[in-house]
Amino acid sequence: MKVYAIDGIVPVVDPSAYVHPSAVLIGDVHIGPRAYIGPCASLRGDFGRLFIGPGANVQDCCVMHGFPGSDTIIEEDGHIGHGAILHGCIVRKNGMVGMNAVVMDKAVVGESAIVAAQSFVKAGLEIPPRMLAGGVPAKVMRELTDVEMNWKVDGTSVYHDLVRRCHGTMQQVEALAVAEPDRKRLQLPDLKTLQETRRGG
């Protein structure tokens, strides 16, 4: 992985976490047990402290940063979708930030709350626990259903398993010129989209 010290401060990565080699960690970054940091994620602890809790995931192309002296925190089992930006904010335990969403300074995503994809959470907004927020700017929309909460937990558990798969089988290789006959498919747990889950299909 691409790990850089700044002003003598070195990132900290728990050995049970998985950080993709293309991710960049700079300075005051703390990555907890069983966390997943995806390809091309940029975690810049060159102004403030970044903390990624146990079992949290920060997916590909995410950015974490903050103003000088700030903390940007993802608590246990936080789930940060592809391309999201977190700046000086807090995502509480089991919270989720959807793909390409932006969460600004001193905003708080409450425990088990979800920020919809492509939303903009303005500075200082507090999203209560177990609520759905979305829009530009994001507004608290409604309480999450049990179906939605279970779907989120299942999705995060797939990333817990991905950490194990990455440690066990991921390796850099040369691409094949032609696919093998009878090429096998990945064998994974059945995980449906939220829409399919709501329909029960």
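Working only within the stretch 132-166, note down all residues that are more than 18 Å from the chain's Cα centre (by Cα) and farther than 17 Å from G81 by Cβ.
Kept after step one, since they are more than 18 Å from the chain's Cα centre (by Cα), are these residues of the stretch 132-166: 135-147.
Within the stretch 132-166, P137, K139, V140, M141, R142, E143, T145, D146, V147 meet the criteria.
Of these, V163, V153, which one is closer than 18 Å to R198 by Cβ and aliphatic (A, V, I, L, M)? Spell out how you get there, then give the answer.
Working: V163 fails: closer than 18 Å to R198 by Cβ.
Checking each option against the conditions leaves just V153.
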A117 meets each of (1) in a loop (DSSP other than H, G, I, E, B); (2) among the hydrophobic types (A, V, I, L, M, F, W, C); (3) open to solvent by less than 40 Å² (accessible area, probe 1.4 Å) with one exception, condition (3)
Among P181, P137, the single one that is open to solvent by 90 Å² or more (accessible area, probe 1.4 Å), without any contact (Cβ under 8 Å) to a residue 24 or more places away in the chain, more than 22 Å from D77 (Cα to Cα) and in a loop (DSSP other than H, G, I, E, B) is P181
Scanning the stretch 18-39 residue by residue, those part of a loop (DSSP other than H, G, I, E, B) and open to solvent by 30 Å² or more (accessible area, probe 1.4 Å) turn out to be H20, P21, S22, P33, R34, P39
Taking the stretch 77-95 and the residues there that are touching a residue at least 40 places away in the same chain (Cβ under 8 Å) and of a type in the set (D, E, K, R), the one that is farthest from A123 (Cα to Cα) would be D77
Scanning the stretch 83-113 for residues that are in contact with a Lys or Arg (Cβ under 7 Å, 6 or more places away or on another chain), in a strand (DSSP E or B) and open to solvent by less than 20 Å² (accessible area, probe 1.4 Å) gives V109
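What do you reckon, is E180 under 21 Å from the mean Cα position of the chain (by Cα) and of a type in the set (D, E, K, R)?
Working: under 21 Å from the mean Cα position of the chain (by Cα): no; of a type in the set (D, E, K, R): yes.
Spelling it out, it is not the case that E180 is under 21 Å from the mean Cα position of the chain (by Cα) and of a type in the set (D, E, K, R).
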The one condition V153 fails out of (1) within 26 Å of P33 (Cα to Cα); (2) surrounded by fewer than 17 Cβ atoms within 10 Å (Cβ to Cβ); (3) touching a strand residue (DSSP E or B) at 6+ places or on another chain (Cβ under 6 Å) is (3)
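The values are calculated or read from the model by the stated rules, or taken from the named source; none is laboratory data. Quick caveat: nothing in here was measured; it's all calculated off a predicted structure. Positions of Cβ are backbone-derived with ideal geometry, glycine not excepted, and every protein chain shown enters the neighbour counts. Areas reflect the complete protein model, heavy atoms only, side chains present, ligands, DNA and RNA absent. Shrake-Rupley method; radii C 1.70, N 1.55, O 1.52, S 1.80 Å.
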